[in-house]
Amino acid sequence: MTDDPLVETRDVAKHFPVESGLLSRLLSREEQWVRAVDGVDLSIAPGETLGLVGESGCGKSTLGETILGLLEPTDGEVWYDGERIDDASKTRMRELRKEIQVIFQDPSASLNPRRRIRDIVRRPLEVHDIGDSRAERNRRVEELIERVGLSADQLDRFPHEFSGGQQQRVAIARALAVEPEFVVADEPTSALDVSVQAQILNLLDELQDEFGLTFLFITHDLSVVRYFCDRVAVMYLGEIMERGTTEEIFEHHQHPYTDALLKAIPSTDLDDRGERAVLEGDVPSPIDPPSGCKFRTRCPVAEEACAEPVEEQTFSETQVVHCWKRSPTEHASSSSPVQDGD
Ligand SMILES: Nc1ncnc2c1ncn2[C@@H]1O[C@H](COP(=O)(O)OP(=O)(O)OP(=O)(O)O)[C@@H](O)[C@H]1O
Ligand SMILES: [Mg+2]
């Protein structure tokens, strides 16, 4: 990537205090933190879609909300278009909402049930003083609602009168009303029927080109990533295990965790990669994660040395792997993805 990043996280951590109760009394003081995000470096170039993937509870939403300024990082920095924003004032953060928007998983929870669709989509235009008159704002709302595949004569309805897919279209129209540059989409299709998911993804894809959007696309669904993302970051217990272009992650991935996630996809084109469902055991608690590589307790190729701090291995300008067992020199002589038990 030659472009300067639009969005960057530098060693970002977010630790939540463990809620009071029996568990917190049993733990020593320094263990009383949920290490939801633990030292994440990411960058997203303008116009790019970065997919953030990983199992439930690995910290994807926490990282997204930290980037959005909805959560304050415990450590590290968030940069947007050359400006540090994790310590921005409330006023500045409000201004930045014109550039940075979000689409959440559950549209029914993110749309005010007592407001008509017209008011919901017009509200950001009013907040950011976009448009010279109410009539102009209303025109803009009509354009937006039609652009996302609904019709202007539905604008006086309330959210509950729409299906989940239609509600998500309204949430998309609202997010795009201010013409943002960057959108965090946190599982935008996972609450929807499978048949509707593809329609919403197609819509987001078209709108990305039309509006020149940059996306952080959070999902646990790797088949969606393959379709939608330029680059992918694979997260496990608050850390990025591997990142690379979508092609690198799908065709030449190196981390045993990436491999396990890919093998778990129920898709015919991966059937020739052998057995599925290699991920055994539960994800350890983020309150007391394993030392060294956090994946080592479930990793098929782990050894004692994996309990030591891990140095990242750089495979290409874009592919970085958080596993000392993967060597870029070996990779140069073989382009096959990671093998179990080697
Ligand atoms: N406000 C909070 N207080 C305490 N712990 C929290 C809080 N928010 C999240 N966590 C914990 O942080 C960890 C990461 O949660 P997060 O919601 O970011 O994961 P996720 O990857 O988005 O999961 P999912 O795929 O289920 O949405 C989890 O262990 C979660 O229980
Ligand atoms: Mg989440």
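The condition of being over 24 Å from residue 217 (Cβ atoms), touching a His at 6+ places or on another chain (Cβ under 8 Å) and at pLDDT 90 or above holds for only one of 293, 299, that being 293.
Okay, residues lined up against (1) within 20 Å of residue 214 (Cα to Cα); (2) assigned by TED's automatic domain parsing to the domain that holds residue 48:
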| position | (1), (2) |
| --- | --- |
| 66 | yes, yes |
| 76 | no, yes |
| 91 | no, yes |
| 120 | no, no |
| 124 | yes, no |
| 135 | no, no |
| 141 | no, no |
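Taken together, the residues in segment 99-123 that are away from ligand 1 (no atom under 16 Å from the Cβ), surrounded by 14 or more Cβ atoms within 10 Å (Cβ to Cβ) and within 19 Å of residue 150 (Cα to Cα) amount to 11.
Residues that are loosely packed, with under 13 Cβ neighbours inside 10 Å and either of a type in the set (Asp, Glu) or within 28 Å of the chain's Cα centre (by Cα) (or both) within segment 127-142 comprise 129, 132, 136, listed in sequence order. Can we say residue 140 is charged (D, E, K, R), in contact with a helix residue (DSSP H, G or I) (Cβ under 7 Å, 6 or more places away or on another chain) and away from ligand 2 (no atom under 16 Å from the Cβ)? Against the criterion (charged (D, E, K, R), in contact with a helix residue (DSSP H, G or I) (Cβ under 7 Å, 6 or more places away or on another chain) and away from ligand 2 (no atom under 16 Å from the Cβ)), residue 140 qualifies.
The residues on offer are 260, 332, 277, and the sole one that is among the small types (Gly, Ala, Ser), modelled with pLDDT under 95 and surrounded by 20 or more Cβ atoms within 10 Å (Cβ to Cβ) is 260. The residue pairs whose first member lies in segment 120-144 and is at pLDDT below 95, whose second member is of a type outside the set (D, E, K, R) and buried (at least 20 other Cβ atoms within 10 Å of the Cβ), and whose beta carbons are closer than 7 Å, counting only pairs six or more residues apart or on different chains, are 131/125.
Of the listed requirements (1) part of a helix (DSSP H, G or I); (2) on the phi > 0 side of the Ramachandran plot; (3) of a type in the set (D, E, K, R), residue 179 misses just one: (1).
Answer with yes or no whether residue 185 is within 16 Å of ligand 1 (Cβ to nearest atom) and in contact with an Asp or Glu (Cβ under 7 Å, 6 or more places away or on another chain). For residue 185, the condition - within 16 Å of ligand 1 (Cβ to nearest atom) and in contact with an Asp or Glu (Cβ under 7 Å, 6 or more places away or on another chain) - is not met. Listed by first and then second residue, the pairs with beta-carbon distance under 9 Å, at least 6 apart or on different chains, first residue in segment 272-298 and more than 18 Å from residue 255 (Cα to Cα), second modelled with pLDDT under 75 and in a loop (DSSP other than H, G, I, E, B), are 287/27; 288/27. Scanning segment 31-62 for residues that are of a type in the set (Val, Ile, Thr) and more than 7 Å from ligand 1 (Cβ to nearest atom) gives 37, 40, 44, 49, 53. Filter segment 147-171 for residues that are closer than 15 Å to residue 199 by Cα and part of a helix (DSSP H, G or I) and give the result. Residues satisfying the conditions are 147, 164, 165, 166, 167, 168, 169, 170, 171.
For residue 245, indicate whether it is at pLDDT 90 or above, in the same structural domain as residue 32 (by TED's automatic domain parsing) and hydroxyl-bearing (Ser, Thr, Tyr). Criteria not met by residue 245.
Here's the yes/no breakdown for (1) within 17 Å of the chain's Cα centre (by Cα); (2) among the charged types (D, E, K, R); (3) over 20 Å from residue 109 (Cβ atoms):
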{"residue": "176", "(1), (2), (3)": "no, no, no"}
{"residue": "179", "(1), (2), (3)": "no, yes, yes"}
{"residue": "190", "(1), (2), (3)": "yes, no, no"}
{"residue": "193", "(1), (2), (3)": "no, yes, no"}
{"residue": "196", "(1), (2), (3)": "no, no, no"}
{"residue": "202", "(1), (2), (3)": "no, no, yes"}
{"residue": "205", "(1), (2), (3)": "yes, yes, yes"}
{"residue": "209", "(1), (2), (3)": "no, yes, yes"}
{"residue": "213", "(1), (2), (3)": "yes, no, yes"}
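Within segment 49-78, residues that are farther than 10 Å from residue 12 by Cα and in a helix (DSSP H, G or I) have Cβ atoms under 7 Å from residues that are within 13 Å of ligand 2 (Cβ to nearest atom) and of a type in the set (Asp, Glu) in these pairs: 61/186; 64/186, counting only partners at least 6 apart in sequence or on another chain. Away from ligand 1 (no atom under 13 Å from the Cβ) and either buried (at least 16 other Cβ atoms within 10 Å of the Cβ) or more than 17 Å from residue 178 (Cβ to Cβ) (or both), is that true of residue 76? Judged against the criteria, residue 76 is a match. Within the option set 22, 96, being away from ligand 1 (no atom under 14 Å from the Cβ) and modelled with pLDDT of 95 or more holds for one residue only, 96.
When the residues of segment 79-114 are filtered to those that are within 16 Å of ligand 2 (Cβ to nearest atom) and outside any helix (DSSP H, G or I), the one that is farthest from the chain's Cα centre (by Cα) is 106.
Residue check: residue 168 meets all listed conditions (1) among the polar types (S, T, N, Q); (2) without any contact (Cβ under 8 Å) to a residue 40 or more places away in the chain; (3) over 19 Å from residue 70 (Cβ atoms) but one, namely (2).
The values are calculated or read from the model by the stated rules, or taken from the named source; none is laboratory data. Note that the coordinates shown come from a computational prediction; the quantities given were computed from them, not determined experimentally. Note that we place each Cβ from the backbone using ideal geometry, even for glycine, and neighbour counts take in every protein chain shown.
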